[in-house]
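Written below as structure tokens is the structure these notes are about.
Laboratory data are not the source of any read-out in this text; all were calculated from the coordinates shown. Given the structure is predicted, the values throughout are model-derived calculations rather than measurements. Glycine gets a Cβ as well: all are built from the backbone with ideal geometry, and neighbour counts include every protein chain shown.
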Amino acid sequence: MRKLLLIAPLALAACSQGEPEPTPTPTPSVAQPRTLAAADLDMETLGARIVGPQGPEVETILSAGNREIGKMVSFVACPADVTECEPGEMPEGTVYTYVHQVTLSDDWTQAEQPAQGPEVVESPPTLFRMTQQAHGFTRAVGYSTEQAVEALGGEDAISITSDDGRIIWRVVEGDGWKPGTTISFWWQSTLPPAGPADAYLLEIDGNQAIALGPFPAEENPVAETPAS
């Protein structure tokens, strides 16, 4: 028995030396923005609109500091064959189209950028984006190409990307957004709006305006554990 006791520690030491080192846990890399294919807004594919506490549309003033730079009118529609859009009565998997009509103020003037010389700097971006992740996003997204031609000078003047689940419509061509013109941005989700939320942002010439519009709630959110 004494011999067995003396051998046991040696055996344990041999086992511990032979065990492989734990594999390090990989660190997830930051996802790069993904380019999305833009489609034209076709109003004929839309059915009845959801009627919320503010009616079938949500209107918000876009302000940067003490200056009004535009307004946004938003609505959410069911598919074309739906005559009454009530999310609680719609079948699971129904696709809802979120439309945001952004109109620039009539008196808006963008700051002129120098054409050449050492003072030339990259002009600030013009974009419309989400500030929250697009829950239930189907990857169907776009804008009105007809309005883009009027407002920006080209139907391909806007690129669309998804950055960490947030959709960004960015002006990449043209001579700037003309005052008083409207561009309708749209996207689709399998989730109905939970209500208006400060989930959108317009940025133009360095000015940022938070926009209130319909937005879906997160699907199956993790419930908080009640304190004991």
(request) At 0.36 nm per residue, minus the direct Cα-Cα distance, what do Arg67 and Thr138 gain on full extension? Give it in nm, one decimal, please. (result) 22.0 nm
(request) Positive end of the charge dipole of segment 56-210 (Lys, Arg +1 and Asp, Glu -1 on Cβ, about the Cα centre): tell me which of Gly180, Val58, Met130 has its Cα farthest that way. (result) Met130
